[in-house]
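J.: Quick one: this structure, given as structure tokens, is what I'll be asking you about.
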Amino acid sequence: MNIDQIFKNNREWVQSKLNIDAHYFENLSEGQNPDILYIGCSDSRVTAEELMGVAPGDAFVHRNIANMVPNTDLSAMSVLDYAVVHLKVNHVVICGHYYCGGVKAAMQSADLGILNPWLRNIRDVYRIHRKELNLIQDEELKYKRLVELNVQEQCINVIKTAQVQKAYRDRGLTVHGWVFDIKSGKLIDLKINFREILQGIMEIYRLS
Ligand code: CO
């Protein structure tokens with residue numbers, strides 16, 4: 001990749017925005033008021049804003065390998081806290097994607113060094129849903145299903161936090177689970193029943 005080209009692209013982008021609105025960046029600098037927190041994969045093929053068709057200022061974004069929300073991860077927890085408590089977003093989205101390298105790596109037996117503890121979170125998802133996954137003979141279908149189940153489990157991790165439980169009570173915040181299908185470009189809503197999951201796990205995870 002030609003790095004100079006990136007700066008050339010940037011100058012063109014600035015001009016294209018200013019052509020439509022001369023105060024575009026001035027207005028942008030005044031603050032942000034996004035309504036969505038998007039948690040997705042770092043995969044270079046899965047952009048956040050572009051696939052949703054939203055503009056700068058519309059979505060608060062966190063990306064890591066395999067769109068995980070481990071409750072001991074300071075980065076993910078800080079993003080969630082800031083978005084929910086301070087920016088007061090009304091939607092938290094976990095967006096996974098088919099053909100995810102992180103999920104694939106977790107399905108294989110290999111020592112990947114520093115990635116081991118990270119991928120172990122996905123292996124835990126496999127263990128929880130082992131019965132269902134082991135019934136799937138086709139490897140690709142199994143891989144796709146694990147991507148979906150991982151999204152579901154990360155939604156549950158989001159729901160386990162005090163900030164989200166409080167925001168649900170106070171203003172009806174909603175958690176969504178999506179999958180981006182790289183092969184078709186389509187965004188799929190897994191239609192995770194947030195309220196049902198919340199009620200189902202509150203017996204154990206209620207924080208207030
Ligand atoms: Co991925």
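J.: Quick one: residue 132 ticks every box in (1) more than 19 Å from residue 69 (Cβ to Cβ); (2) under 20 Å from the mean Cα position of the chain (by Cα) bar one, so which box is it?
T.: Going through the list (1) more than 19 Å from residue 69 (Cβ to Cβ); (2) under 20 Å from the mean Cα position of the chain (by Cα), residue 132 breaks only (2).
J.: A further question follows. In this structure, does residue 33 turn out to be farther than 25 Å from residue 139 by Cβ, modelled with pLDDT of 95 or more and part of a helix (DSSP H, G or I)?
T.: no
J.: Restricting to segment 45-75, what's the tally of residues that are small (Gly, Ala, Ser), more than 14 Å from the chain's Cα centre (by Cα) and either within 16 Å of the ligand (Cβ to nearest atom) or open to solvent by 60 Å² or more (accessible area, probe 1.4 Å) (or both)?
T.: Residues meeting the conditions: 1.
J.: Among the residues of segment 1-42, which ones are open to solvent by less than 50 Å² (accessible area, probe 1.4 Å) and among the hydroxyl-bearing types (Ser, Thr, Tyr)?
T.: 24, 38
J.: Report every pair of residues separated by at least 6 positions or lying on different chains whose Cβ atoms are under 6 Å apart, first residue within segment 90-118 and on the phi > 0 side of the Ramachandran plot, second open to solvent by 10 Å² or more (accessible area, probe 1.4 Å) and of a type in the set (Val, Ile, Thr).
T.: Cβ pairs passing all conditions: 99/182.
J.: Can you list the helices (runs of 4 or more DSSP H) found entirely within segment 83-188 that contain at least 1 residues being away from the ligand (no atom under 16 Å from the Cβ) and at pLDDT 95 or above?
T.: Those helices (runs of 4 or more DSSP H) span 115-128, 130-134, 139-159, 162-171.
Here's the yes/no breakdown for (1) in the same structural domain as residue 177 (by TED's automatic domain parsing); (2) of a type in the set (A, V, I, L, M); (3) more than 27 Å from residue 16 (Cβ to Cβ):
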residue	(1), (2), (3)
47	yes, no, no
51	yes, yes, no
54	yes, yes, no
71	yes, no, yes
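J.: Could you please tell me which pairs satisfy a Cβ distance under 9 Å, a separation of 6+ or placement on different chains, a first residue in segment 1-29 that is closer than 20 Å to residue 58 by Cα, and a second residue that is β-branched (Val, Ile, Thr) and part of a helix (DSSP H, G or I)?
T.: Qualifying pairs under 9 Å: 24/14; 25/14.
J.: Considering only residues that are basic (Lys, Arg) and closer than 30 Å to residue 158 by Cα, which ones fall in segment 1-48? Full working, then the answer.
T.: Kept after step one, since they are basic (Lys, Arg), are these residues of segment 1-48: 8, 11, 17, 45.
Selection gives 45 alone.
J.: Of all residues in segment 189-198, count the ones that are open to solvent by 90 Å² or more (accessible area, probe 1.4 Å) and at pLDDT below 85. Can you show your working first?
T.: At the first step, the residues of segment 189-198 found to be open to solvent by 90 Å² or more (accessible area, probe 1.4 Å) are 191, 195-196.
Checking which are at pLDDT below 85 leaves us with 195.
Total meeting the criteria: 1.
J.: Restricting the search to segment 62-82, which residues are part of a helix (DSSP H, G or I), among the hydrophobic types (A, V, I, L, M, F, W, C) and in contact (Cβ under 8 Å) with a residue 24 or more places away in the chain? Lay out the reasoning, then the answer.
T.: Narrowing segment 62-82 to residues part of a helix (DSSP H, G or I): 74-82.
Then keep just the ones that are among the hydrophobic types (A, V, I, L, M, F, W, C); that gives 74, 76-77, 79-80.
Within segment 62-82, 76, 77, 79, 80 meet the criteria.
The values are calculated or read from the model by the stated rules, or taken from the named source; none is laboratory data. The structure presented is a predicted model; accordingly, all values stated were derived computationally and were not measured. FYI the Cβ positions are ideal-geometry reconstructions off the backbone, even for glycines, and counts take in every protein chain you see. Accessible surface areas use protein heavy atoms only, side chains included; no ligands, DNA or RNA. Shrake-Rupley method; radii C 1.70, N 1.55, O 1.52, S 1.80 Å.
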